[in-house]
1. Which order do Thr121, Thr26 fall in if you start with the one that has the fewest other Cβ atoms within 10 Å?
2. How much of the DSSP bridge set in segment 111-235 is antiparallel, in percent, rounded to the nearest 5?
3. For segment 6-71 and segment 72-92, what is the centre-to-centre distance using only Cα atoms, to the nearest Å?
4. Among the GluC sites (Glu not before Pro) in segment 128-218, which ones are in a DSSP loop with at most 11 other Cβ atoms within 10 Å of the Cβ? Mind listing them?
5. If the cut-off is a Cα-Cα distance under 13 Å, which aspartates and glutamates reach Lys52, setting aside same-chain residues fewer than 8 apart in sequence?
6. Taking a ≥ b ≥ c as the square roots of the Cα gyration tensor eigenvalues, with a/c under 1.5 meaning rounded and otherwise prolate when a/b beats b/c, else oblate, which class fits segment 1-115?
7. How high is the relative contact order of segment 1-115? Use alpha-carbon pairs under 8 Å, at least six apart in sequence, and give a whole percent.
8. What 222 nm value per residue comes from the helices of the chain, counting each DSSP H run with n ≥ 4 as -39,500 (n - 2.57) and dividing by all residues, nearest 500 deg cm²/dmol?
Amino acid sequence: MWNPWHGCHRVSEGCRNCYVYRIDGTHGRESGEVSLNSDFLLPLRESREGWKMKSGERVYTCFSSDFLIAEADEWRRDVWQMMRVRQDLHFVFFTKRIERLKAVLPPDWGEGYENVTVGCTCENQARADERLPIFLSLPIMHRLIICEPLLGRIDLRPYLDRGKIEEVSAGGESGEGARECDFAWVMELRDACAEAGVRFSYHQTGALLRRDGKLYRIPRCQQKEQAKRARIDVL
Ligand code: SF4
């Protein structure tokens, strides 16, 4: 995990119970102020044994903000440069602001950097229909779709048949005020992926799972395990 900056603004329904706000709230920190983190240069840090981030690692980037937030436009230029220098790492970022990507790509991006995966987050059908056509039209080497927190049924089929999506992951919402996630919505995504030959991962159940009409409260410590136990991933 590498968080070059911190802080964000809510942009859509999926942001309502954002964990950045939740965690900052417990420390009295203002989440709406976007600021650089002290480990901004982490990929370039070295110790006596060499790079601190070891070659071959997958680096989950910017999980306490949105990688494409406007306040970070200046800083992101240095991040692209670090991604170029550390081609031995694989960087993964998720965004709810995919419409900003084209304008902030580096000049040598071409068809995408081989060592960068972009995840587009869609929590319901409206956001999928708004974001995925843009996502699919952009030059990106590795694409994921993240349906988490899943807030309604989504028909992803129109977006999966072009061979451009490597994986879809889905999960419910956690924390205080979590909204329910219906297992039937998860299965619909799963079946669409199976049909299209796209990998699917059921990441976690969320705190309120509806299954066959019955509502279950799942403690946080069991949410990942219970999703795994459903055995519905498409590999
Ligand atoms: S975009 Fe992501 S980090 Fe930003 S407020 Fe929404 S959920 Fe939180």
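1. Placing the least packed residue first, the sequence is Thr26, Thr121.
2. In segment 111-235, DSSP labels about 25 percent of beta bridges as antiparallel.
3. Computed from Cα coordinates, the inter-centre distance equals 14 Å.
4. The qualifying sites are Glu176.
5. Filter leaves Asp39, Asp88.
6. The shape class here is oblate.
7. Relative contact order for segment 1-115 comes out at 29 percent.
8. Rounded to the nearest 500, it is -8000 deg cm²/dmol.
Values in this text are rule-based calculations from the coordinates and carry no lab data. What you are looking at is a predicted structure, and each value in this text was computed from that prediction instead of being measured. Note that we place each Cβ from the backbone using ideal geometry, even for glycine, and neighbour counts take in every protein chain shown.
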